[in-house]
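Trainee: If you scroll down you'll find the structure; I have some questions about it.
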Number of protein chains: 2
Amino acid sequence: MGGPSEHSPLGIFDSGVGGLTVLQALRHRLPHESFLYLGDTARLPYGTKSAGTVTRYALNASRHLVDKGVKLLVVACNTASAFALDEVAAAVDVPVIGVVEPGVEAALVTSANRLGVIGTEGTVRSGAYQRAIADRAPSIDVRATACPLFVPLAEEGWGDHEVTDTVARHYLEDILAWGAQALILGCTHYPLLTPSLSRVVGPDVRLVDSASAVAEAVISRHRDLLKADDGGKVTIQLTDASERFRRITKAILGEEFEELEVVDL
Amino acid sequence: MGGPSEHSPLGIFDSGVGGLTVLQALRHRLPHESFLYLGDTARLPYGTKSAGTVTRYALNASRHLVDKGVKLLVVACNTASAFALDEVAAAVDVPVIGVVEPGVEAALVTSANRLGVIGTEGTVRSGAYQRAIADRAPSIDVRATACPLFVPLAEEGWGDHEVTDTVARHYLEDILAWGAQALILGCTHYPLLTPSLSRVVGPDVRLVDSASAVAEAVISRHRDLLKADDGGKVTIQLTDASERFRRITKAILGEEFEELEVVDL
């Protein structure tokens, strides 16, 4: 039992299946790498739960992936990144990348002076995005708004739906009236709502999806760990595999997934 | 350490705080009894998860309450009642009452010939309501529809809201066109949506809330266990106590609750 090598898979952890949008971005940029994805579907959502509970779950899931031999760990859940990234990094001996910093860096490229952040209640309450933006660009004005119904709407498959339009108008009314020029989608589920969100924010507000930003961060920071000619095997582990999660997995990955395993943490 | 006595509390278990509607109905009818309520908020929702996972969680929570000395156990979660009532009853040595049978009995009193059932994906898929109605009244026509967004809408506090009206029209369109005369609210969260649901179903469709039916079932089946002059103490235990759950608890119980404990199962 040696440690991980460059031939080991990249580990990706999310509370559920929303992080598959990050897996897709990574596969697109790194088609020859292997991936081990863990979705904690038996305990999702994390976004409505307390910092202590989210941290406990995130540590549990991260140790599982490291025990399976991943060479790098992507915490693809925004709530877990916001509450528990430091604890996870301290607990495991492989590099750890969250989704908050890459998302912020991608948002700063838009040159927006008024930046909106949308996410779960936990992510918004943590202040992680607000701090990360203030650290890098203190002159930028930031407003953050929790959108608790967006995850269930994404899971319902209503990313292009009149109900989602109505809900989005409710949640985003203040932040749009304030004049947000870009909006960070601070939850891996939210890219699934892009059709409705684009209609509601209009053409002048940029939607910033951190999934591809995370892939770029992995490549720029950890090129030494990557291997251009590996098998490209993708394994998906879920802590619960109801029909609903299988359906959403298929909707995001666009294919039936043979390697879907159910694990008990 | 003897077993429970008539002075022991009644135990109520739910995946979250929706079951507090059942606690309220029981307190109203049995104001001198003591209650121990357990909401498994760290692992909710149950309604989207598989039968195996829900059963494991329900057994875990039920054993916790019985270890705490409850004299009777109410499984106030419809999904857990639908998937795991027999397993729970076999695993503990106190009487167990679920919410499905009392709800069906209350619905049969309405004399509806076309009966609709709404609930979570898990509850509808389990077929528990459909079977319970067929056992008692085989001539009644039944249709069941899953309404996955109703729990998040109730938790958002949008029980009287245009978005909920729109979502309800989507989910209930077919069952109303079919001519349902009564609708069983097969989830303890749904009574919180009564204002919107009443508007959408109109005055001719009866909404059947099983909460008070469960209270009647406890009284009629287990009068020997009840004690008319006990302290009336109510203790609420949650496996996670984020601001969100405290807010919903207050919305349902209408008061700040001092005795809110966080427990780790």
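The values are calculated or read from the model by the stated rules, or taken from the named source; none is laboratory data. All values derive from a computational prediction rather than experimental measurement. Cβ: placed from backbone, ideal geometry, glycine included. Neighbour counts: every protein chain shown. For accessibility, only protein heavy atoms count, side chains too; no ligands or nucleic acids. Shrake-Rupley method; radii C 1.70, N 1.55, O 1.52, S 1.80 Å.
Trainee: I need the full set of residues from the stretch A:188-204 which are more than 14 Å from every other protein chain (Cβ to nearest Cβ) and farther than 17 Å from A:Ala112 by Cβ, in order please.
Mentor: Answer for the stretch A:188-204, where residues must be more than 14 Å from every other protein chain (Cβ to nearest Cβ) and farther than 17 Å from A:Ala112 by Cβ: A:Thr188, A:Tyr190, A:Pro191, A:Leu192, A:Thr194, A:Pro195, A:Arg199.
Trainee: Can you name every residue in the stretch B:226-238 that is outside any loop (DSSP other than H, G, I, E, B) and over 28 Å from A:Tyr57 (Cα atoms)?
Mentor: Taking the stretch B:226-238 and keeping what is outside any loop (DSSP other than H, G, I, E, B), we get B:234-238.
The answer is B:Val234, and nothing else.
Trainee: Kindly indicate whether any position in the stretch B:172-183 is of a type in the set (Phe, Trp, Tyr) and free of Cβ contacts under 8 Å to residues at least 24 places away in the same chain.
Mentor: At the first step, the residues of the stretch B:172-183 found to be of a type in the set (Phe, Trp, Tyr) are B:178.
When the remaining residues are screened for being free of Cβ contacts under 8 Å to residues at least 24 places away in the same chain, the result is none.
No, the stretch B:172-183 contains no residue that is of a type in the set (Phe, Trp, Tyr) and free of Cβ contacts under 8 Å to residues at least 24 places away in the same chain.
Trainee: Sticking with this one: Condition first: of a type in the set (Asp, Glu) and either in contact with a helix residue (DSSP H, G or I) (Cβ under 8 Å, 6 or more places away or on another chain) or open to solvent by less than 30 Å² (accessible area, probe 1.4 Å) (or both). Now tell me which residues in the stretch A:72-112 satisfy that.
Mentor: Answer for the stretch A:72-112, where residues must be of a type in the set (Asp, Glu) and either in contact with a helix residue (DSSP H, G or I) (Cβ under 8 Å, 6 or more places away or on another chain) or open to solvent by less than 30 Å² (accessible area, probe 1.4 Å) (or both): A:Glu87, A:Asp93, A:Glu101, A:Glu105.
One line per residue, one yes/no per condition, for (1) part of a strand (DSSP E or B); (2) touching a His at 6+ places or on another chain (Cβ under 9 Å); (3) in the same structural domain as A:Ser111 (by TED's automatic domain parsing):
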{"position": "A:Leu176", "(1), (2), (3)": "no, no, yes"}
{"position": "A:Pro195", "(1), (2), (3)": "no, yes, yes"}
{"position": "A:Asp204", "(1), (2), (3)": "no, no, yes"}
{"position": "A:Val218", "(1), (2), (3)": "no, no, no"}
{"position": "A:Asp224", "(1), (2), (3)": "no, no, no"}
{"position": "A:Asp240", "(1), (2), (3)": "no, no, no"}
{"position": "A:Arg244", "(1), (2), (3)": "no, no, no"}
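Trainee: For B:Ala217, which of the numbered conditions (1) at negative phi; (2) within 13 Å of another protein chain (Cβ to nearest Cβ); (3) not aromatic (Phe, Trp, Tyr) fails to hold?
Mentor: That leaves (2) as the condition not met.
Trainee: Quick test for you: out of B:Gly159, B:Gly254, B:Gly231, B:Gly186, pick the one residue that is of a type in the set (Gly, Ala, Ser), closer than 22 Å to B:Leu44 by Cβ and at pLDDT below 90.
Mentor: On the way: B:Gly159 fails: at pLDDT below 90; B:Gly231 fails: closer than 22 Å to B:Leu44 by Cβ; B:Gly186 fails: at pLDDT below 90.
Only one candidate passes the filter, namely B:Gly254.
Trainee: Moving to a separate point now. Has the stretch A:249-263 got at least one residue that is without any contact (Cβ under 8 Å) to a residue 40 or more places away in the chain, among the small types (Gly, Ala, Ser) and not in a loop (DSSP other than H, G, I, E, B)?
Mentor: Taking every residue of the stretch A:249-263 in turn, none turns out to be without any contact (Cβ under 8 Å) to a residue 40 or more places away in the chain, among the small types (Gly, Ala, Ser) and not in a loop (DSSP other than H, G, I, E, B).
Trainee: Ok, one more. (1) part of a loop (DSSP other than H, G, I, E, B); (2) touching a Ser or Thr at 6+ places or on another chain (Cβ under 9 Å): which one isn't true of A:Ser139, the others all being true?
Mentor: Going through the list (1) part of a loop (DSSP other than H, G, I, E, B); (2) touching a Ser or Thr at 6+ places or on another chain (Cβ under 9 Å), A:Ser139 breaks only (2).
Trainee: Can you name every residue in the stretch B:191-223 that is polar (S, T, N, Q), at pLDDT below 95 and open to solvent by 10 Å² or more (accessible area, probe 1.4 Å)?
Mentor: B:Ser212, B:Ser220
Trainee: While we're here: Given B:Glu33, B:Glu87, which one is in a helix (DSSP H, G or I), touching a residue at least 24 places away in the same chain (Cβ under 8 Å), among the acidic types (Asp, Glu) and assigned by TED's automatic domain parsing to the domain that holds B:Gly231?
Mentor: B:Glu87
Trainee: Would you mention how many residues in the stretch A:229-250 are away from every other protein chain (no Cβ under 13 Å) and either in contact with a Gly (Cβ under 7 Å, 6 or more places away or on another chain) or closer than 23 Å to A:Lys68 by Cα (or both)?
Mentor: Going through the stretch A:229-250 one residue at a time, the tally reaches 10.
Trainee: Among the residues of the stretch A:57-84, write down those that are in a loop (DSSP other than H, G, I, E, B) and under 15 Å from A:Ile219 (Cα atoms).
Mentor: So in the stretch A:57-84, the residues in a loop (DSSP other than H, G, I, E, B) come out as A:68-71, A:76-77.
A:Lys71, the sole residue that qualifies.
Trainee: Just for the stretch A:115-156: of the residues that are in contact with a Leu (Cβ under 9 Å, 6 or more places away or on another chain) and among the charged types (D, E, K, R), which one is surrounded by the most Cβ atoms within 10 Å (Cβ to Cβ)?
Mentor: That would be A:Glu155.
Trainee: Return yes when A:Lys233 is more than 30 Å from B:Gly159 (Cα to Cα), without any contact (Cβ under 8 Å) to a residue 60 or more places away in the chain and open to solvent by 20 Å² or more (accessible area, probe 1.4 Å) and no when it is not. If you could, list the steps in order and put the result at the bottom.
Mentor: Details: more than 30 Å from B:Gly159 (Cα to Cα): yes; without any contact (Cβ under 8 Å) to a residue 60 or more places away in the chain: no; open to solvent by 20 Å² or more (accessible area, probe 1.4 Å): yes.
When the stated conditions are applied, A:Lys233 does not pass them.
Trainee: In the list B:Arg29, B:Arg43, B:Arg56, which residue meets the criterion of being in contact with a helix residue (DSSP H, G or I) (Cβ under 7 Å, 6 or more places away or on another chain) and either over 17 Å from B:Leu253 (Cα atoms) or within 14 Å of another protein chain (Cβ to nearest Cβ) (or both)?
Mentor: Only one candidate passes the filter, namely B:Arg43.
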